[in-house]
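One structure is given here, and the rest of the page talks about it.
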Amino acid sequence: MWYAIAMLAIRAARAFDGQELRPDGAVVFVDDGRIVGVEAPGAALPDGVELIDVPNGTLLPGLVNAHVHLCGDSDNGALERLPELSADQLHAVIETALARQLASGVTTVHDRPSSPLVLPSPRSAGTAG
Ligand SMILES: [Zn+2]
């Protein structure tokens, strides 16, 4: 179930922001389900922000999967079944794949072309149930 999410801050002892290791940790700010900032661990928290402290954790905000085939549902023969799928069925497979990527921390994908159909907006997976 998805619901409106207020601004959230997650603070951990270590972080990797995609460019550098932050051995002193970081605070990741999330607004309405989207990462809006990665700051030093002592960053001031705006009023009303819920803080989740993970003193022994490591944050990896916004992972990137640089090679994915969103049209595959990971079952045997997935690519062979593609010609049999309707556009709606294929979009459902892609939406499920995007939701799985998001659930595992991946916020950006580079989809390798496997279908001539237009993909749904990747951002739509962030609001799908
Ligand atoms: Zn591949």
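For the range 8-59, what does the alpha-carbon gyration tensor say about shape, rounded, prolate or oblate, given a ≥ b ≥ c as the root eigenvalues, a/c under 1.5 as rounded, and a/b over b/c as prolate?
Prolate, because a/c is 1.5 or more and a/b exceeds b/c.
Would you work out if the range 16-118 is rounded, prolate or oblate? Take a ≥ b ≥ c from the square roots of the eigenvalues of the alpha-carbon gyration tensor; rounded if a/c is under 1.5, else prolate when a/b is larger than b/c, oblate otherwise.
prolate
Only sites in a loop by DSSP and with at most 15 other Cβ atoms within 10 Å count here; which chymotrypsin sites (Phe, Trp or Tyr not before Pro) in the range 1-66 make the cut?
Listed in order of number, the matching sites are Trp2, Tyr3.
How about the range 13-122: which trypsin sites (Lys or Arg not before Pro) there are in a DSSP loop, with at most 16 other Cβ atoms within 10 Å of their Cβ?
Filter output for the range 13-122: empty list.
Using a 7 Å offset from the Cα along the Cα-to-Cβ direction at both Val49 and Leu79, what is the distance between the two label points in nm, to one decimal?
Each label point lies 7 Å from its Cα, and together they span 4.4 nm.
Can you work out the Karplus-derived ³J(HN,Hα) for every residue in the range 44-61? Use 6.51 cos²θ - 1.76 cosθ + 1.60 with θ = phi - 60°, whole Hz, and x for glycine or proline.
Computed from phi, the couplings for the range 44-61 are 5, 9, x, 4, x, 7, 7, 9, 10, 9, 10, x, 10, x, 10, 9, 10, x Hz.
Can you give me the long-range amide H partners of Ile52? Hydrogens built in the peptide plane at 1.01 Å from N, cutoff under 5 Å, separation of 5 or more residues or another chain.
Counting only residues 5 or more places away or on other chains, the set is Ala9, Ile10, Arg11.
The numbers here are math on the coordinates, done by the rules we state, and not lab data. From a predicted model like this one, the values you see are computed outputs, not experimental measurements. Please note: Cβ atoms are built from the backbone with ideal geometry, for glycine as well, and neighbour counts cover all protein chains shown.
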